[in-house]
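What follows draws every value from the coordinates through simple rules; no lab data is involved. Computed from a predicted structure; not experimentally measured. Virtual Cβ from ideal backbone geometry, glycine too; neighbours counted across all protein chains shown.
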Amino acid sequence: AFSNLKNAKRFAIDIGGTLTKIAYYSTVSYRRINYEADQDNTVSSEEQNKYELSENARLHFIKFETKYIENCLDFICENLVSSREKMAGKTIKATGGGAYRYADLLQESLGLSVDKEEEMDCLIKGCNFLLKNISDEAFVFHRHGTPEYDFQMADPNIFPYMLVNIGSGVSIMKVESEDSYERIGGTATGGGTFWGLGSLLTKAKGFDELLALAESGDHRKVDMLVKDIFGGDCKGLGLPADLIASSFGKVCPKRGTETMCSEADVARSLLFTISNDIGQIACLYAMMHKLNKVYFGGYFLRNHPLSMHTISFSINYWSKGTVQSLFLRHEGYLGAIGAFLIGAE
Ligand code: ADP
């Protein structure tokens with residue numbers, strides 16, 4: 001899939017509200033090949049070029065927090081641009097809101113000029129490329145199923161589909177062909193909301209800790225379920241006993257009682273609140289536009305089973321099984337991959 005990338009600019013950057021993602025290209029194989037000098041990184045750059053001609057083109061990915069963008073720029077300076085390239089006045093491809101916000105900083109600190117690309121163009125380009133070219137990139141997730149991950153083959157016939165990008169906020173796009181797509185909706189309740197509220201409600205330091213808390217919590221101590229109201233199923237409305245009736249509804253203090261929930265319970269409930277809502281909104285948009293395949297991108301999911309299950313459950317529940325939810329292994333890097341590909345054209 002990368003065979004036409006020989007003339008690509010070597011990297012592209014997607015500077016989002018929370019995370020900055022880089023996709024960079026190398027032709028050095030990390031597999032040990034039968035090459036004398038390939039020991040302990042002692043291959044000189046010239047020798048690397050020799051084996052660049054082999055078919056070992058690879059795309060690598062790395063992310064930084066946008067609030068520490070200096071670290072990201074240091075990484076680029078140390079690893080991705082040579083002084084020769086600076087002298088030659090090379091340009092780099094940049095997308096995401098930060099491509100605009102930090103254009104001057106990028107230009108000054110890297111000494112390269114910045115080619116800005118529209119965020120949506122990059123997202124769609126990256127997504128189309130992965131779906132068309134990379135087998136096992138997209139998968140359906142069935143919790144406790146056999147198999148749990150139902151990987152999909154690369155397929156040239158991918159249209160139409162809907163892409164829900166869950167980053168700091170959420171964007172929903174309808175994609176009808178390589179060059180016909182539009183943003184049909186979104187919600188401001190996204191990954192940033194989970195992290196922001198989670199930081200207020202727990203002592204978790206960082207996103208990973210918050211996710212680990214959610215993993216171990218019990219949301220039934222925080223959420224009011226149908227059975228908390230009806231004592232069991234609500235037969236009249238067809239609602240099962242364990243369905244959440246009110247997120248966080250159980251923690252309203254009653255006189256003379258103490259709330260008995262832990263930070264982990266709260267984190268789990270928060271993850272469910274956000275993921276259920278995104279699933280429901282996505283499902284409504286899909287049904288409104290008569291699209292039955294929904295792919296999820298953005299860095300929020302992290303291929304995390306609990307989040308993927310909640311979203312799949314929600315979509316399945318609200319669409320009565322008519323809309324399929326699919327996830328992507330490189331979900332967080334669609335924009336960076338798209339910008340990289342545009343640079344290679
Ligand atoms: P944006 O482009 O708006 O920055 P992303 O697709 O990069 O959006 O997703 C950002 C979201 O990813 C955060 O709001 C958070 O919910 C989630 N996330 C996942 N892993 C991390 C992490 N290690 N650090 C920060 N946020 C993370």
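Residue exposure proxy: LEU80, LEU130, ordered by other Cβ atoms within 10 angstrom of their Cβ from fewest to most, comes out as LEU80, LEU130.
The fewest-to-most ranking of VAL294, VAL81 by surrounding Cβ atoms within 10 Å reads VAL81, VAL294. Along the chain, the longest continuous region that contains none of the trypsin sites (Lys or Arg not before Pro) in a DSSP loop with at most 13 other C-beta atoms within 10 Å is 33-142.
Among HIS144, HIS219, HIS289, a tally of other beta-carbon atoms within 10 Å of each Cβ gives an order, fewest to most, of HIS144, HIS289, HIS219.
Measuring nothing but how far apart in sequence close Cα pairs (under 8 Å, 6+ apart) lie, relative to its length, the chain scores a relative contact order of 21 percent.
Treating the angle as unsigned and between 0 and 90°, give the value, to the nearest 10°, between the Cα long axis of helix 207-216 and the longest Cα principal axis of the chain. Its long axis makes an angle of about 40 degrees. Shape class of the stretch 219-301 from the Cα gyration tensor (axes a ≥ b ≥ c, square roots of the eigenvalues): oblate, since a/c reaches 1.5 or more and a/b does not exceed b/c. Please give the net charge around LEU225, taking every other residue with its beta carbon less than 14 angstrom from that of LEU225, where Lys and Arg add +1 and Asp and Glu add -1. With Lys, Arg at +1 and Asp, Glu at -1, the neighbours total -1. Just add up the charged neighbours of ASN292: K/R +1, D/E -1, any other residue whose Cβ is under 14 Å from the Cβ of ASN292. Summing Lys and Arg as +1 and Asp and Glu as -1 gives +3. Cross-link reach is defined here as a Cα-Cα straight distance under 17 Å, omitting same-chain residues fewer than 8 places apart; for LYS293 the aspartates and glutamates meeting it are ASP136, GLU137, ASP150, ASP155, GLU176, GLU178, GLU182, GLU331.
Shown here: the chain, whose C-alpha atoms stretch 73, 44, 41 Å along the first, second and third principal axes, sorted largest to smallest.
Separation of the alpha carbons by more than 32 angstrom is noted, of LYS174/LYS221; LYS125/LYS205; LYS90/LYS174; LYS67/LYS290; LYS250/LYS320, for LYS174/LYS221; LYS125/LYS205; LYS90/LYS174; LYS67/LYS290.
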